[in-house]
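These notes concern the structure reproduced below.
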Amino acid sequence: MQTQQHATVQMDALTAFAKRRGFVFPSSEIYGGLAAVYDYGPYGTLLARNIRDAWFRAMVQLHPNIVPLDSSIFMAPQVWEASGHVKNFSDPLAECKQCHARVRVDHLLEAAGVFADEKMSDEEINALLREHADAVRCPQCGGSDFTDAKAFNLLVQSNLGNFTGNWSAQPTYLRGETCQGIYVNYKNVLDTARVKVPFGIAQIGKAFRNEITARQFIFRKREFEQMEMQYFVAPDAMMDAYEEWRAKRWRFYTETLGFREENIRWHEHENLVFYAKAAHDIEYRFPFGFKELEGVHARGDYDLTQHMKASGKDLTYRDPHTGQKYVPHIVETSVGVDRLFLAVLTEAYEEENLGDGKTRTVLHLPGALAPIKVAVFPLMKNKPDLVAKAREVFGALSAQYMCEFDDNGNVGKRYRRQDEIGTPYCVTVDFQTLEDGTVTLRDRDTMAQERVPASDLAATVAARIA
Ligand code: GAP
């Protein structure tokens, strides 16, 4: 990616751009939308798919001891009891007495410059709210009189399997995090996948949370997607594995995705949940400031122990070499597809000044993430020979990657359309092509053009994108 200063990227500009170019649409927009729920348009779908592929390649393809899983969104309700989500998966909610807006109190305090940790008890957070009553303001009406904060559970309930209409019966939930599907399948994987500790299970899938604060675009959604990997290790190996995964995940952002180092940083959790041994977030500089992008957590044996107790099933591991028996400890890496999508857009977006009062909007996406790898243009659309040759070039390239054929408007405008969606290369078929078989290959970032034989295009583009 290039060197433009994205700290100046405005959220409004990015949101409008994402809608205008078919990356992200508000959900059910013709009915006025649904708060904190979004849909991916045609280019957004492709970008999200490439983000998943990049993560999957880094985590599974390049690690022979990490295997994939695709567990269900619905799980037995006991899973969420055992994990602690039914009791403790909550955010502090208060109501503005003036306009009745429901607000997250840790966010209210944060906006007033007061640090409030999500792990604080109701008493602690209410004490802070009272102490800073003069500074906190309702984001909706500006009022400063709030009810006491109460823990609001984030699990989304469903009536799956409830044929009695008895609402006091135990509900099922849409999963609040994907990793629980990994924990409850750990033994199945161990018994079938020929893995030995240390090994990992990686999963990409939807998660659901009744988030109180519905703002910041796709940063905080109520239906979102997680990419989580749980690494199972011997108890005394956990902290080494933790440091190893921290280093690998850092390199994923700086090397694989090419994020500028000034735009990401570590944040170490001071107030850990009781079972965690260590936790770091990788924070990204979003247009609204540095915020969590990914969590790397040393979770100890809490998860498997909880499921072992609640299910009565033996989830211990016997080391085949030493015969030692133990409950594996877990290092987790967890990032949201949607949050990474927003980081990737922020990192790539530029309104570039071309001089002479001209500007262009360009997405400096890494080739692997670009929704369209190559766009093919016939110089003119009313010349059948040019169109036929361009169709032939398009056919050959699109067998290998997502390509777009565009014969609409002048070539300059076609370049601009492709720059906006981050297409790394444009190929123009012109009259010279018909004579010597060469085409013009134009680079998105430098805008330089060169002539290359059409027959070499696939290899040339593949090498550059790689
Ligand atoms: N299993 C651990 C876990 O779920 P988390 O910090 O709650 O930890 C992990 O979530 C990641 O999932 C976050 O770093 C973020 O990237 C993503 N995420 C969490 N809540 C989200 C939401 N409401 N919308 C979009 N992404 C979210």
Subject >> Qualifying residue in the range 182-198 (condition: in contact with a helix residue (DSSP H, G or I) (Cβ under 9 Å, 6 or more places away or on another chain) and over 26 Å from Asp319 (Cα atoms)) >> reply: no
Original post:
Just one of the numbered conditions (1) under 28 Å from the mean Cα position of the chain (by Cα); (2) more than 14 Å from the ligand (Cβ to nearest atom); (3) buried (at least 18 other Cβ atoms within 10 Å of the Cβ); (4) not β-branched (Val, Ile, Thr) is not true of Phe146; which one?
Top reply: (1)
**OP:** Run down Arg414, Arg464 and say which single residue is among the basic types (Lys, Arg), part of a helix (DSSP H, G or I) and exposed (fewer than 14 other Cβ atoms within 10 Å of the Cβ).
**Re:** Arg464
**OP:** Answer yes or no as to whether Tyr43 is in the same structural domain as Phe199 (by TED's automatic domain parsing), over 26 Å from Trp245 (Cβ atoms), in contact with a strand residue (DSSP E or B) (Cβ under 9 Å, 6 or more places away or on another chain) and surrounded by 17 or more Cβ atoms within 10 Å (Cβ to Cβ).
**Re:** no
Subject >> Scope the range 336-360; condition of a type in the set (A, V, I, L, M, F, W, C) and within 16 Å of the ligand (Cβ to nearest atom); matching residues >> reply: Val337, Leu340, Phe341, Leu342, Ala343, Val344, Leu345
Subject >> Criterion violated by Val387 - all others in (1) away from the ligand (no atom under 16 Å from the Cβ); (2) buried (at least 24 other Cβ atoms within 10 Å of the Cβ); (3) not hydroxyl-bearing (Ser, Thr, Tyr) satisfied >> reply: (2)
Subject >> Residue under evaluation Ile264, criteria (1) farther than 19 Å from Arg52 by Cβ; (2) over 17 Å from the mean Cα position of the chain (by Cα); (3) aliphatic (A, V, I, L, M), criterion not met >> reply: (2)
Original post:
Tell me, which strands (runs of 3 or more DSSP E) wholly within the range 258-309 include 3 or more residues that are among the small types (Gly, Ala, Ser) and in the same structural domain as Ala13 (by TED's automatic domain parsing)?
Top reply: 289-300
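Do we find a residue being assigned to a loop (DSSP other than H, G, I, E, B) and at pLDDT 95 or above anywhere in the range 431-444?
Pass one, the range 431-444, residues assigned to a loop (DSSP other than H, G, I, E, B): 437, 444.
When the remaining residues are screened for being at pLDDT 95 or above, the result is 437, 444.
The answer is yes; a qualifying residue exists.
So if I check each of Lys196, Lys187, which one is basic (Lys, Arg), in a helix (DSSP H, G or I) and away from the ligand (no atom under 14 Å from the Cβ)?
Lys187
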**OP:** Within the range 281-299, count every residue that is crowded, with 19+ Cβ neighbours inside 10 Å and away from the ligand (no atom under 11 Å from the Cβ).
**Re:** 4
Original post:
Which condition number does Leu441 fail, the rest of (1) touching a Leu at 6+ places or on another chain (Cβ under 6 Å); (2) surrounded by 13 or more Cβ atoms within 10 Å (Cβ to Cβ) being met?
Top reply: (1)
**OP:** Identify, from the list Asp148, Asp117, Asp134, Asp191, the residue that is touching a strand residue (DSSP E or B) at 6+ places or on another chain (Cβ under 7 Å) and not basic (Lys, Arg).
**Re:** Asp148
Original post:
Is it the case that Ala94 is more than 24 Å from Leu342 (Cβ to Cβ), away from the ligand (no atom under 15 Å from the Cβ) and not assigned by TED's automatic domain parsing to the domain that holds Phe252?
Top reply: yes
Original post:
Given Glu81, Glu110, which one is modelled with pLDDT under 95, surrounded by fewer than 19 Cβ atoms within 10 Å (Cβ to Cβ) and either part of a helix (DSSP H, G or I) or in contact with a helix residue (DSSP H, G or I) (Cβ under 9 Å, 6 or more places away or on another chain) (or both)?
Top reply: Glu110
Subject >> In the range 302-334, the residues that are within 16 Å of the ligand (Cβ to nearest atom) and more than 15 Å from Val189 (Cβ to Cβ) >> reply: Tyr302, Gln306, His329, Val331, Glu332, Thr333, Ser334
Original post:
Among (1) of a type outside the set (Val, Ile, Thr); (2) loosely packed, with under 14 Cβ neighbours inside 10 Å; (3) touching a residue at least 24 places away in the same chain (Cβ under 8 Å), where does Gln98 come up short?
Top reply: (2)
**OP:** Please go through the range 340-374 and pick out each residue that is within 19 Å of Asp53 (Cα to Cα), of a type in the set (Val, Ile, Thr) and not in a loop (DSSP other than H, G, I, E, B).
**Re:** Val344, Val374
Original post:
If we keep just the residues of the range 210-249 that are of a type in the set (Asp, Glu) and outside any strand (DSSP E or B), which is farthest from the ligand (Cβ to nearest atom)?
Top reply: Asp236
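The values are calculated or read from the model by the stated rules, or taken from the named source; none is laboratory data. Everything quoted here is computed from the prediction, not taken from an experiment. All Cβ positions, even for glycine, are placed from backbone atoms using ideal geometry, and neighbour counts span all protein chains on display.
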